[in-house]
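Undergrad: Quick one: this structure, given as structure tokens, is what I'll be asking you about.
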Amino acid sequence: WLAPPASPAEAAGASVRRSLCYPLLRHWLLSLRALDDVCCLLRLGKVATIRALLAARKLLQGGAEYGYLLNRAWLDDTVIWLQRVPARRLVRLAAALEAAAPSKPTVGWPLEQYEALALEDEEGGEGEASSSESGDSDSGESGEGGEREAAPGGANHADTGRSERGMEVEGTLV
């Protein structure tokens with residue numbers, strides 16, 4: 001799993017699969033948005049990309065128990081490499097990543113089938129959820145369920161007023 005990807009398309013697919021593994025923020029559009037952010041940073045050039053990596057390095061160093069190992073394994077060498085890379089190479093890499101934007105069938109997982117199963121489970125659980133909400137109002141959890149429900153294309157746009165591209169994740173716009 002430490003082998004470098006053979007192409008930008010392979011790297012994009014692997015990063016989207018990796019982002020979909022985490023249950024808290026398992027969201028297709030959020031994964032694509034993260035890939036868009038990487039492309040944007042690469043198009044901005046070496047200075048912006050290095051600054052972003054150094055900010056991530058600082059977060060890992062101060063917050064994670066093994067942050068220094070992650071910094072040594074990934075970020076330190078990447079920052080050193082970026083200092084030697086011509087800026088036009090980063091622009092070409094950004095263009096290649098944008099051209100290789102993964103779709104659900106090309107990610108390598110049966111995402112459509114997973115979504116169909118989740119919708120079936122959600123539809124089957126709605127009857128139980130509505131009966132349990134009306135029956136017990138002292139549980140203290142009545143406000144939390146509505147915050148996490150989102151429209152199929154992203155955030156619940158009716159009450160946030162945000163574009164379809166923007167998403168709200170735990171109170172912050174991503």
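The values are calculated or read from the model by the stated rules, or taken from the named source; none is laboratory data. All values reported here derive from a predicted model rather than from experimental measurement. Backbone-built Cβ (ideal geometry, glycine too); neighbour counts: all protein chains shown. Quick note on the areas: whole protein, heavy atoms, side chains included, nothing else; ligands and nucleic acids left out. Shrake-Rupley method; radii C 1.70, N 1.55, O 1.52, S 1.80 Å.
Undergrad: What number of residues within the stretch 4-44 satisfy the criterion of being more than 16 Å from the chain's Cα centre (by Cα) and not in a helix (DSSP H, G or I)? Quick ask: steps written out before the conclusion?
TA: Initially, the stretch 4-44 is screened for residues more than 16 Å from the chain's Cα centre (by Cα), giving 4-10, 42-44.
Next cut, not in a helix (DSSP H, G or I) only: 4-7.
Count: 4.
Undergrad: Among the residues of the stretch 45-69, count how many are open to solvent by 80 Å² or more (accessible area, probe 1.4 Å), of a type outside the set (D, E, K, R) and in a helix (DSSP H, G or I).
TA: The total comes to 6.
Undergrad: Filter the stretch 64-104 for residues that are of a type in the set (S, T, N, Q) and either in contact with a strand residue (DSSP E or B) (Cβ under 8 Å, 6 or more places away or on another chain) or over 19 Å from residue 15 (Cα atoms) (or both) and give the result.
TA: Looking only at the stretch 64-104, we keep the residues that are of a type in the set (S, T, N, Q), and these are 71, 78, 83, 103.
Correct list: 83 only.
Undergrad: Still on this structure, please answer the following. Go through the stretch 94-111 and count every residue that is more than 16 Å from the chain's Cα centre (by Cα), open to solvent by 50 Å² or more (accessible area, probe 1.4 Å) and closer than 19 Å to residue 44 by Cα.
TA: Qualifying residue count, the stretch 94-111: 2.
Undergrad: Among the candidates 31, 19, single out the residue that is at pLDDT below 90, within 22 Å of residue 112 (Cβ to Cβ), open to solvent by less than 80 Å² (accessible area, probe 1.4 Å) and hydroxyl-bearing (Ser, Thr, Tyr).
TA: Result: 19 is the single residue among 31, 19 that is at pLDDT below 90, within 22 Å of residue 112 (Cβ to Cβ), open to solvent by less than 80 Å² (accessible area, probe 1.4 Å) and hydroxyl-bearing (Ser, Thr, Tyr).
Undergrad: Out of the stretch 70-93, which residues are within 22 Å of the chain's Cα centre (by Cα), open to solvent by less than 90 Å² (accessible area, probe 1.4 Å) and farther than 17 Å from residue 41 by Cα?
TA: If the condition is that a residue be within 22 Å of the chain's Cα centre (by Cα), open to solvent by less than 90 Å² (accessible area, probe 1.4 Å) and farther than 17 Å from residue 41 by Cα, then 70, 71, 73 are the ones that fit.
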